[in-house]
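Before any comments, here is the structure.
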Amino acid sequence: MSARKPSQPPGGSLAVFVLDVDGRPTLAFEADGAAQAQEICDASELRADLAALTSEGMPLCAPHSTFALRQAVREEIATFRHAVARAPASDQTTMTFLVRIDGVVVVTVGPKQG
């Protein structure tokens with residue numbers, strides 16, 4: 001899943017964070033600092049959305065799953081930026097799954113070959 005918030009101007013203060021669910025890097029997103037990132041992770045709607053999705057037949061989030069928030073590492077930032085560049089414009093917070101989601105097919109269409 002990927003959604004895109006309007007781009008920040010160059011030098012903007014958004015940082016990429018990762019939500020680990022039960023120790024597994026699961027979701028990358030941008031936030032204006034750790035406090036805002038924690039607020040996003042604490043939203044009950046996010047936990048409910050993650051519980052409704054599966055990866056390899058297993059729910060992304062069980063009722064007692066532990067969430068750990070951290071800053072993204074270089075590879076995760078690159079994955080996030082790649083997804084954002086291909087996402088349609090949206091006024092929602094930018095989020096990208098770092099795991100395969102069952103039933104979701106991602107297709108990237110490149111430029112036409114001549």
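No value in this document is a laboratory result; all are computed from the given coordinates. Everything quoted here is computed from the prediction, not taken from an experiment. So basically every Cβ, Gly included, is an ideal-geometry build from the backbone, and we count neighbours across all protein chains shown.
Computed over all pairs of different Cα atoms, the Kirkwood value for the hydrodynamic radius of segment 33-83 is 12.6 Å.
Computed from label points 7 Å out along Cα-Cβ, the spacing between ARG24 and ASP49 is 1.8 nm.
A Cα-only calculation for segment 2-97 places Rg and Dmax at 13.1, 40 Å.
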